[in-house]
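**Student:** Below: one structure in structure tokens.
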Amino acid sequence: MQGTISDASVVAAPTAEEEAALRELYANFEANNLMPLWTQTNDLMPFHPRPRAVPHVWKWSTLYPLAQRSGDLVPVGRGGERRAIGLANPGLDGRAYISPTLWAAIQYLGPKETAPEHRHSQNAFRFVVEGEGVWTVVNGDPVRMSRGDFLLTPGWNFHGHHNETDHPMAWIDGLDIPFSQHNDVGFFEFGSERVTDYATPAFSRSERLWCHPGLRPLSGLENTVSSPIGAYRWENTDRALAEQLLLEEEGQPATVEQGHAAIRYVNPTTGGDVMPTIRAEFHRIRAGTKTPVRREVGSSVFQVFDGRGAVVLDGETRTLEKGDLFVVPSWIRWSLQAESEFDLFRFSDAPIMERLCFARSQVEADAR
């Protein structure tokens, strides 16, 4: 009959006896460190990623003066090891994580200072947005650090830094510290209190062996987990991006999107990512270009290398200039807008997501 409810759909209210039994059941769960799935399904298996990390922008104009002040007040050396200031995502409970898998920091080394050698399981890199005069020594190989250079310190490689100038220098560090900490895989070991080689060559031994386009030394035919190259130099990155845009002007399919040139730094022994947990890229966007709105599983961090523009994070537009950093958490909508020619360095946890088959991306609209 219309308007009636069938008996099968009626859920009877629990009796007082049943309620008491349920309270006892849940108390026993708690006492025995048990949690029933039916009370937490929405948290454990949401319909789409719901990151606790939030999109955020750190301004270089704020970061650099604070790093300078730390240089005045905080010594570098054994004990503190590094004068590195971690970027803490506001959504991650005050931890020095920029995302659940990635760590980013501004590191500052004063004139004539040395950061002692150590090694750790975590994979690390450095990217230089300005300055020169510091060498990082990786497993005894001195590697020059200059503007635009991307430098590797794969896991368990001894490394230290020394500044040979009368001027300070700052750069960003990126590591997989949160991922390794969540999974309890980290080891750490002290090395020399100085660095093992104070030489200041223009090119490291790893570059002299490996950095010849399309050529692989016969002495290095075994594939390596991380790239054997110590530094990816700015002049090569810049040339590759410029040629992509020139080829696009000639009508050739060289860019990832109209007005958007990009490269990925690769391990020459495998053609894959430079390190097993971190992907690194560089993007150049023509003035006036807007990229499509995207979202991706996994997190990314960008630093503006040059130019002016904006990022749209979950619908909010934030203006950007040289040195500014921002984080894109998992499945957050984002796009870029270039006011002038816009150069950005990017690193992400994509190798983890792809290897574990969690990677997914979506391009929502063409914003051009």
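The values are calculated or read from the model by the stated rules, or taken from the named source; none is laboratory data. Predicted model, so just to flag it, every value in this text is computed and none were measured. We place every Cβ from the backbone using ideal geometry, glycine too, and count neighbours over all the protein chains shown. Side chains included, ligands, DNA and RNA excluded: accessible areas come from the protein's heavy atoms. Shrake-Rupley method; radii C 1.70, N 1.55, O 1.52, S 1.80 Å.
**Student:** Ranked from highest to lowest mean number of other Cβ atoms within 10 Å per residue, what is the order of the peptides 164-172, 198-206, 303-311?
**Tutor:** Output ranking for 164-172, 198-206, 303-311: 303-311, 164-172, 198-206.
**Student:** Grab the Cα-Cα distance for GLU250 and GLU193, subtract it from 0.36 nm times how many residues apart they are, and report the gain in nm with one decimal.
**Tutor:** Taking 0.36 nm per residue and subtracting the Cα distance, the gain is 15.1 nm.
**Student:** Moving on. Whole-Hz Karplus ³J(HN,Hα) for segment 259-276, in order, using 6.51 cos²θ - 1.76 cosθ + 1.60 and θ = phi - 60°, x for Gly and Pro?
**Tutor:** x, 10, 8, 7, 10, 10, 6, 10, 7, x, 7, 10, x, x, 5, 5, 9, x
**Student:** Sticking with this one: Classify segment 21-68: rounded, prolate or oblate, from the alpha-carbon gyration tensor (a ≥ b ≥ c, eigenvalue square roots; a/c under 1.5 rounded; otherwise prolate if a/b is larger than b/c)?
**Tutor:** It is prolate, given that a/c is not under 1.5 and a/b is the larger ratio.
**Student:** Now for a different question. So what's the net charge close to TYR265: Lys and Arg +1, Asp and Glu -1, counting the other residues with Cβ under 9 Å from its Cβ?
**Tutor:** Net of charged neighbours comes to 0.
**Student:** Further question on the same structure: Sort 267-276, 129-138, 211-220 for me by packing, meaning the mean count of neighbouring Cβ atoms within 10 Å per residue, highest on top.
**Tutor:** 129-138, 267-276, 211-220
**Student:** Here's a follow-up. Roughly to the nearest percent, how much of the accessible area of segment 249-310 is carbon and sulfur, given a 1.4 Å probe?
**Tutor:** Percent of accessible area from carbon and sulfur atoms in segment 249-310: 46.
**Student:** For segment 230-368, what is the convex hull volume of the alpha-carbon atoms per residue, in Å³?
**Tutor:** 116 Å³
**Student:** Another question, if that's okay. So if I average 1/r over every pair of distinct C-alpha atoms in segment 301-340 and take the inverse, what Kirkwood radius in Å does that give?
**Tutor:** Computed over segment 301-340, the radius equals 10.2 Å.
**Student:** Related question: Can you compute 3J(HN,Hα) from phi for each residue in segment 246-251, using the Karplus curve 6.51 cos²θ - 1.76 cosθ + 1.60 with θ = phi - 60°, rounded to whole Hz and x for Gly and Pro?
**Tutor:** 5, 5, 4, 4, 7, x
**Student:** Continuing with this model, one more query. Output the Cα-based Rg and Dmax of segment 221-304 in Å, rounding Rg to one decimal and Dmax to a whole number.
**Tutor:** 14.6, 45
**Student:** Can you check what the Kirkwood hydrodynamic radius comes to for segment 140-206, Cα pairs only, in Å to one decimal?
**Tutor:** Taking the inverse mean of 1/r over all distinct Cα pairs, segment 140-206 comes out at 14.2 Å.
**Student:** Separate question: Rank by packing, highest mean first: peptides 339-347, 63-71, with packing defined as the count of other Cβ atoms within 10 Å averaged across residues.
**Tutor:** 339-347, 63-71
**Student:** On to the next question. Accessible area per residue, 1.4 Å probe, Å², for the chain: what's the number?
**Tutor:** That works out to 51 Å² for each residue.
**Student:** Please build a GNM for the chain, connecting alpha carbons under 10 Å apart, and tell me which residue among ASN33, ASN157, ASN89 fluctuates the most.
**Tutor:** Maximum fluctuation in the GNM of the chain, among the listed residues, is at ASN33.
**Student:** Top mean-square fluctuation among VAL57, VAL225, VAL195, Gaussian network model of the chain, C-alpha springs under 10 Å?
**Tutor:** Maximum among the listed residues: VAL225.
**Student:** While we're here: Give the Rg/Rh ratio for segment 7-135, taking Rg as the radius of gyration of the Cα atoms and Rh as the Kirkwood radius, to two decimals.
**Tutor:** 1.27
**Student:** Evaluate segment 157-303: find the radius of gyration of its Cα atoms, find its Kirkwood radius, and give the ratio Rg to Rh.
**Tutor:** Result for segment 157-303 is an Rg/Rh of 0.99.
**Student:** Still on this model: If you take the Cα Rg of the chain and divide it by 2.2 N^0.38 Å, with N the number of residues, what do you get?
**Tutor:** Normalised Cα radius of gyration, the chain: 1.19.
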